[in-house]
Amino acid sequence: MNTVDAIRTRRAVKVYDPTFPLSREEKDELLQLALFAPSAFNLQHVRLVEVSDPALRAQIREVGWNQAQMTDASMLVVVCAKLDSWSQNARRVWEGAPAEVQDYMAGAIDAYYRDKPQVQRDETMRSCGLMAQTLMLAARAKGLESCPMDGFDFDAVARLIELPENHVIGLMVAIGRGTVEPKPRVGKLPFDEVVIRDRF
Ligand SMILES: Cc1cc2nc3c(=O)[nH]c(=O)nc-3n(C[C@H](O)[C@H](O)[C@H](O)COP(=O)(O)O)c2cc1C
């Protein structure tokens, strides 16, 4: 499937075939594709928690509005991010670049993030969104369906997945074989309302 078709046909699908398996290799291929998503300063803030333990999936569903996707989809990914990537990985992610580039990036990253908790958090959310969409489009390109989700108790899921300090959860993504045709798209706002030419 080409990219345009993947974009056009991706829908938030809620009903999955619980017997449809994805192999470890197939899941890892999707995760590898997702990791091509861009990140500010190449900091790669995102950490992807692929939840395959059925008991853990059931516990997540209990704190996730009882959404069936959380247990029934072939794959469930909690898209998390590391808040302190800017201080921990600034040099690491530019290894291999010329020394002057490494020095420039280290300074620029520090200036951009230091003492700015809102920026630090905003960056993780931007990265999680881009990663999630890349993952969903990769899945769609392979004929699979997906559903992004933030309908869950974030603190409870953080406890269940043992989210480390200095990490946040952005959202979850379920992937699998849908069993119900998605309802027609509704309520799309007019193009001219959401696309602004030059200035608001
Ligand atoms: C951040 C985010 C959170 C969402 N949370 C949920 C959710 O918890 N459960 C769900 O069924 N759909 C969820 N959705 C899916 C939206 O309802 C869906 O994308 C929207 O209605 C548009 O439908 P479409 O994606 O099929 O075009 C979420 C979407 C986004 C982007």
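The values are calculated or read from the model by the stated rules, or taken from the named source; none is laboratory data. None of the values given here were measured: they were computed from a predicted structure. Backbone-built Cβ (ideal geometry, glycine too); neighbour counts: all protein chains shown. Note: areas computed on protein heavy atoms with side chains; ligands, DNA, RNA excluded. Shrake-Rupley method; radii C 1.70, N 1.55, O 1.52, S 1.80 Å.
So what is log10(I(q)/I(0)) for segment 3-179 at q = 0.12, 0.13 1/Å, when the Debye sum runs over its Cα atoms only? The calculated log intensity ratios at q = 0.12, 0.13 Å⁻¹ are -0.58, -0.67. Protein heavy-atom accessible surface, 1.4 Å probe, per residue over segment 3-179: 52 Å².
Taking the longest Cα principal axis of the chain as reference, the axis of helix 99-113 is set at about 70 degrees.
With every protein chain in place and a 1.4 angstrom probe, the accessible-area ranking of E145, E100, E26, largest first, reads E100, E26, E145.
Per-residue surface analysis assigns I169 an accessible area of about 10 Å², computed on protein heavy atoms at 1.4 Å probe radius. Bridgeable aspartates and glutamates around K14 (alpha carbons under 12 Å apart, same-chain partners fewer than 8 residues away excluded): D72, E145, E181.
Carbon-plus-sulfur accessible fraction, segment 75-200 (probe radius 1.4 Å, protein heavy atoms only): 52%. Each part gets one Cα centre, and for segment 84-102 versus segment 2-56 those centres are 27 Å apart. The magnitude of the dipole of segment 1-111, with charges of +1 and -1 set on the Cβ of Lys/Arg and Asp/Glu and taken from the Cα centre, is near 380 debye.
Of the listed residues D103, D17, the order by accessible area with a 1.4 Å probe, largest first, is D103, D17. Whole-percent P(r), segment 118-160, all Cα pairs, 5 Å bins from 0: 5, 18, 17, 22, 21, 11, 4, 1.
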